[in-house]
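*Asks:* Quick one: structure below, then a few questions.
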């Protein structure tokens, strides 16, 4: 009998050299994380669905592989490490010594429409820093993210071949809430989606002061965002400059339109996004000549709050296979 | 060098006219040509010539930085592309088509609906008091209601001439369809100055909205 070597859509087997390449990259990252005194957490691939029901948006729910176990429990395959880690730690927080530095590695499984570059099973390495509030936590995590990416994309620290191999877009949740709510529109959520897609016609009609954000990622004056958000923007620009100095090979930009749907105001927080828990710094990274999305992260204190624990939390994840693919040049 | 993907289909002429009106010459590009990939080094542009349905994949994957594609195709694919402007030329509409207005069933009714756009059709039917079995076809959608494969069709209507020739009527316009400039998210960060310049020139030439 001849058996087929076909696999289901969206999954891949790594054999021989490709397996070695990934394990080598993983080893380098793990050794860097251990060097930064992050401790590993090994998490199950199966979990109950029920603890996450309240936290899931429609988009995140649509990605889940759910099924009924033989004992009748509703289970889901792991689609995101962060909420799983949070729900395991939240009830134990009083017994933990803070700040806590944790890393994880493993597969996540998400249903994706079949299209180029979208796997349904992919391997993540990520880290979470718990108990360190404000900018010090965000600085540490962003720096660690860039250091890990730099292990596979040499030159980010300015040595060797110069830049553009990694692009990181920074923003913060709620930055545009004030402008979105002040706009003369029936549906500010729709306007937020138009800003995120940079649809100029719709934004110009609804809120001309957002047009500059759509074009350049920043408002004409930080004060246009309101006092609190302006203060956060100043802090973020300073963080960007600091990281740009440390990693001259990375193209770092602050772009608030990119994160228009990450809101804090309850009137806007019916977020459509897949990771709606971010409530401070948010960032996305793209790597290589084809600019593949390779990871991102941010602050997510409100995830712990929703789980009944007050704990500042910030973290990131990297998609290891995409990062390795991105090291190959665009033809 | 920025990579611009142009569609082979009905939107190519509108795309070329808009770019040229904005002073983006794309010189040496021949709409009738068969080249799939053409470098325009003087303009710093590389053109990819792609089928409509493939174009969002190329842009979404970052192989092309930007492109022109109809909102009908865009609405069908679950892509995460930026859509800064829509062209004024080349617009048409997406409509429900049938042999008569009575082809639409009453509340609780059930029909077959033929279309190239099954996802769009599912969203449309979800908002109606009637149900439909979606019949996915890849071309000559108008034939389906003519020959009774389906009672209704959901398709693009430009002039309405094909409908008239086949004794069909446009029962309801569901959406306006426009060729759109689409941009990859990462490419926007990298080529922001150039893309903002292009968009500004397209706006100044009043060929987009």
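The values are calculated or read from the model by the stated rules, or taken from the named source; none is laboratory data. Predicted model only: the values in this text are computed from it and were never measured. Here Cβ is always computed from backbone atoms with ideal geometry, including for glycine, and neighbour counts include all displayed protein chains.
*Asks:* Could you say which residue among B:47, B:97, B:69 is part of a strand (DSSP E or B) and within 14 Å of another protein chain (Cβ to nearest Cβ)?
*Replies:* B:69
*Asks:* Touching a residue at least 24 places away in the same chain (Cβ under 8 Å) and either in the same structural domain as residue B:136 (by TED's automatic domain parsing) or farther than 19 Å from residue B:201 by Cα (or both): does that describe residue B:36?
*Replies:* It is false that residue B:36 is touching a residue at least 24 places away in the same chain (Cβ under 8 Å) and either in the same structural domain as residue B:136 (by TED's automatic domain parsing) or farther than 19 Å from residue B:201 by Cα (or both).
*Asks:* I need a count of the residues in the stretch B:81-94 that are outside any strand (DSSP E or B) and either away from every other protein chain (no Cβ under 14 Å) or under 30 Å from residue A:59 (Cα atoms) (or both).
*Replies:* Adding up the residues that qualify gives 3.
*Asks:* Hey, could you check the stretch A:87-119 for residues that are within 20 Å of residue A:44 (Cβ to Cβ) and in contact with a strand residue (DSSP E or B) (Cβ under 6 Å, 6 or more places away or on another chain) and say which is surrounded by the most Cβ atoms within 10 Å (Cβ to Cβ)?
*Replies:* A:103
*Asks:* Taking residue B:78 as meeting all but one of (1) part of a loop (DSSP other than H, G, I, E, B); (2) surrounded by fewer than 18 Cβ atoms within 10 Å (Cβ to Cβ); (3) more than 11 Å from chain A (Cβ to nearest Cβ), write down the number of the exception.
*Replies:* The one condition residue B:78 does not meet is (3).
*Asks:* Now a separate question. Checking the structure you have, find out if any residue of the stretch A:191-205 is more than 11 Å from chain B (Cβ to nearest Cβ) and surrounded by fewer than 21 Cβ atoms within 10 Å (Cβ to Cβ). Before the answer, list the steps.
*Replies:* Keep residues of the stretch A:191-205 that are more than 11 Å from chain B (Cβ to nearest Cβ), which gives A:191-192.
Restricting the remaining residues to those that are surrounded by fewer than 21 Cβ atoms within 10 Å (Cβ to Cβ) gives none.
No, the conditions are met nowhere in the stretch A:191-205.
*Asks:* Looking at the stretch B:8-20, can you tell me whether even one residue there is touching a helix residue (DSSP H, G or I) at 6+ places or on another chain (Cβ under 9 Å), free of Cβ contacts under 8 Å to residues at least 40 places away in the same chain and surrounded by fewer than 19 Cβ atoms within 10 Å (Cβ to Cβ)?
*Replies:* no
*Asks:* Tally time: how many residues in the stretch A:209-262 are in contact with a helix residue (DSSP H, G or I) (Cβ under 7 Å, 6 or more places away or on another chain), more than 14 Å from chain B (Cβ to nearest Cβ) and in a loop (DSSP other than H, G, I, E, B)?
*Replies:* Going through the stretch A:209-262 one residue at a time, the tally reaches 4.
*Asks:* Filtering the stretch A:84-119 down to residues that are at pLDDT below 95 and closer than 19 Å to residue A:318 by Cβ, which residue is nearest to the other protein chains (Cβ to nearest Cβ)?
*Replies:* For the stretch A:84-119, the residue satisfying everything is A:117.
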